[in-house]
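Each value in this text was obtained by applying a stated rule to the coordinates, not by laboratory testing. Because the structure is predicted, anything quoted here is derived from the model rather than measured. Positions of Cβ are generated from backbone atoms using ideal geometry, with glycine treated the same way; all protein chains shown enter the neighbour counts.
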């Protein structure tokens, strides 16, 4: 049954099952006894920690501080901002009893923390000197999904960070929204090697309660789109609902301007869907918890010398990288190769008796299976170079895939063909009317990705209705 340990179905044959197998068999996550929830296993959590550490450093470097707020939200808080409550009510899980005793008021299990946090902001903010207030929270949230759930991509409970800031002016708040979107783009592109398209969500797709939402969008290997991170200008909607006011320098009482922004464990699933192949996971080196695995090639003669050299290499490279020495007995080298390929380790180093004699090692790249013979004398420098090349190659390949599968339909029939047959993203000219957006959604099942910041290619007429076009917009099937 050894073959069952690996991925048994190809990406092209059944993308969904291929994805599920990689997530489970590579040891990222498992199904929970609670329907719609998942267990994140240590290896999957280590990848999330790579993302979390990278993002947390940038959040703090831009002046934000971490805090923590309650999991429970009073029902009356949740109902204080009309648009917000309408957007989230279908997904809210409620606590109605404490033990056997009915609660006097229902408590929502947080689907997002605007309301519980802003009740405190109203207490803390009094003067312009208290601004800007820049707070981030790492937490779990619950959204009672009724759609089909999928490990990392759509679960009823997931992990995330949510930033919530308050500012004296609209201009400061808008600068914050753009700054945080830029940081999310860094996470996706610089850490995870996933190209993104930044832009604005339409009014139909924006966050409930926001003036506008900015997003970074990516394209998966099955040509569906994924929303990677969002940043919202909340305006003064919540500050007016919760009475968050400050005395400005001109002695006038004013409502603060607010933002919120978030990125979730969905990014781990995105990583799997963009880079992996039929052997399993492929991890970009900067996000990989283990950068290098060393596999000794053992024969009857020379075992001690081989193990000694493996430990020497581990010590050398371990000064800079997390290096795993797989010296388990009872497993063949081939079995170990397959296991570490499944787990997506960027570099595998093989060392046998002949390699020891010749003072070299064999390096195998996970991204393209290339074998490279390296001398011990310059091993550290060469490993640095190879890891950086793997990172860059993964990004380049993903960007070429995105560009190749972004289409410019000439008319509505061609647009329908692209979207109905899931050929990728469609970039069109649009009149900005919600009815045209809804027509595309109703007739193709695709939703708008974003109104990209890059507005090159705007035609005179909307491809749907023929009226004057105002914006370039992207559509695709979505997760």
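Listing 389, 250, 326, 14 from the residue with the fewest other Cβ atoms within 10 Å to the one with the most, what is the order?
Working: 389 15, 250 7, 326 18, 14 12.
The most exposed by this proxy come first: 250, 14, 389, 326.
If neighbour count is taken as other Cβ atoms inside 10 Å, put 10, 429 in order from fewest to most.
Values: 10 12, 429 20.
Fewest-to-most Cβ neighbours within 10 Å comes out as 10, 429.
Remind me, what semi-axes does the range 6-159 give for its equivalent ellipsoid, largest first in whole Å, using sqrt of 5 times each Cα gyration tensor eigenvalue?
For the range 6-159, the semi-axes come out at 34, 23, 13 Å.
What share of Cα pairs, in percent, lie more than 36 angstrom apart in the chain?
That fraction is 39 percent.
Which order do 343, 471, 477 fall in if you start with the one that has the fewest other Cβ atoms within 10 Å?
471, 477, 343
With the convex hull built on the Cα atoms of the range 372-454, state its orientation-averaged projected area in nm².
8.1
Would you please state the base-10 log of I(q)/I(0) at q = 0.22 1/Å for the range 127-207, with intensities from the Debye formula using one equal scatterer on every alpha carbon?
Log-scaled intensity ratios, in q order: -1.28.
Given all pairs of different Cα atoms, what value in angstroms does the Kirkwood hydrodynamic radius of the range 406-476 take?
About 11.6 Å, per the Kirkwood formula over Cα pairs.
I'd like to compare 263-275, 453-465, 71-83: which one has the highest average count of other Cβ atoms within 10 Å, and what's the full order after that?
Working: 263-275: 24.3, 453-465: 13.9, 71-83: 16.8.
Those peptides, ordered most packed to least, come out 263-275, 71-83, 453-465.
Give me the Å³ per residue figure for the convex hull around the C-alpha atoms of the range 290-386.
Enclosed volume per residue, from the Cα hull, is 88 Å³.
Percent of Cα-Cα pairs per 5 Å bin, from 0 to the last occupied bin, for the range 254-304, please list those.
Percent of Cα pairs in each bin: 4, 12, 14, 14, 10, 9, 10, 8, 7, 4, 2, 2, 1, 1, 1, 0, 0.
I'd like to know how the range 75-152 sits against the 2.2 N^0.38 Å rule of thumb: what's its Cα Rg over that expected value?
1.35
Provide, for q = 0.08 Å⁻¹, the log10 of I(q)/I(0) from a solvent-free Debye sum over equal Cα point scatterers in the range 2-275.
Log10 of I(q)/I(0), two decimals: -0.36.
Å³ per residue of the Cα convex hull, for the range 164-278?
Here the figure is 101 Å³ per residue.
Rounded to the nearest 500, what is the chain's calculated 222 nm mean residue ellipticity when only DSSP H runs of at least 4 contribute -39500 (n - 2.57) each, over all residues?
-10500 deg cm²/dmol
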